[in-house]
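Okay, so here's the structure we're looking at.
The values are calculated or read from the model by the stated rules, or taken from the named source; none is laboratory data. What you see is a predicted model; the values in this text were computed from it and never measured. Neighbour counts run over all protein chains shown; Cβ positions are idealised from the backbone, glycine included. Note: accessible area is taken over every heavy atom of the protein model, side chains too, but ligands, DNA and RNA are not part of it. Shrake-Rupley method; radii C 1.70, N 1.55, O 1.52, S 1.80 Å.
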Amino acid sequence: MPKASDVKKNSAIEFNNSVYIIKDIERSVPQGRAGGSLYRMRMYDVVTGSKTDETFKDGDMLTLADLIHRDVMYSYADGDELVFMDSEDYTPYNFSKDQIEDECLFITENTQGLQVLVIDGQAVALQLPQTVALIITETDPSIKGASASARTKPATLETGLVVQVPEYIASGETIKINCAEKKFMSRA
C-alpha cells in the first residue's frame, strides 16, 4: 500500500468501495509548523465515469487496484467512439471521444506506444507515450537565419493541438511533443 505522496497520474486506487483512475494530482504545502504536503486528486470512477476530487495527506495509505497495461494501436473511429486494437491478441477496446478528450490531441494512425489500462476485463483509461511525433499543419512562415533563440510562435498540429515552436520551424515539418507538458521538444 503506497502513501498518497507515492501515487502517480493514471494510477488506479480503491476508495470508498469503488475503483478510481487518478487523472490529475495537485500538491500543496500548507503554511504553518505542523503541516505536511496535501495531495488533491481528481479521480474518475471506473464503472460510472463520475468525477470526484479528494484531498489526501502525504502519509495517508491508499490501496492500489489490480491494473493491467495492454499495448494497443489506434485502429479506427466509429462514430463518436475510437477503437484501439490490442497488439498481441487483437482485442478491440472502445473509448468515447469524451472519455479520452485530452488524449485525442496526441493520437494519429501512426502513434506508437499507446497502452490501455484494464481493470477486471474492462478498459478504463488510455495511456500515452512520453513523446509523440506530429506534423505541423499551420504556422507562420519560418524566418531565414533565425537562431535557436527563445522566441516562439504558435503552431497547429495535425490533431488540432496548438503548441509554441521556435521561429525556424515551418509548416509541414514533423516535430516531437512531450505529452505530459504539451510542449515542443525537437524536430522528429
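Points to keep in mind about this one:
- Put simply, the amide H of Ser87, placed in the peptide plane, has neighbours under 5 Å in Asp71, Val72, Met73, leaving out anything fewer than 5 places away on its chain.
- Applying D = kT/(6 pi eta Rh) to segment 73-124, where Rh is the Kirkwood radius over alpha-carbon pairs, T corresponds to 20 °C and eta to 1.002 mPa s, the Stokes-Einstein value obtained is 188 µm²/s.
- Amide H partners (placed H, <5 Å) of Ala125, local residues excluded: Leu117
- Sites Ser5 and Lys176, calculated FRET efficiency, Cβ-Cβ separation with R0 30 Å, nearest 0.05: 0.45
- Average accessible surface area per residue within the chain, 1.4 Å rolling probe, Å²: 60 Å²
- Here Lys3 is the anchor, and the lysines within straight C-alpha reach of less than 20 Å, apart from those fewer than 8 places off in the same chain, are Lys23, Lys57.
- Within the accessible area of the chain, the carbon and sulfur atoms contribute 44%, probe 1.4 Å, all protein chains present.
- Legend: calculated FRET efficiency, Thr91 to Asp58, from the Cβ-Cβ distance at R0 = 30 Å, rounded to 0.05, equals 0.20.
- Taking all protein chains together and rolling a 1.4 Å probe, Ser171 ends up with roughly 60 Å² accessible.
- Phi to ³J(HN,Hα) by Karplus 6.51 cos²θ - 1.76 cosθ + 1.60 over segment 103-109, Hz, x for Gly, Pro: 5, 4, 5, 10, 9, 10, 5
- Leading residue at positive end of dipole, the chain (Cβ point charges), from Val47, Val118, Ala4: Ala4
- In sequence order, segment 122-133 has phi-based couplings of 10, 6, 10, 7, 10, 10, 8, x, 5, 10, 9, 9 Hz under the Karplus curve 6.51 cos²θ - 1.76 cosθ + 1.60, θ = phi - 60°, and Gly or Pro positions carry x.
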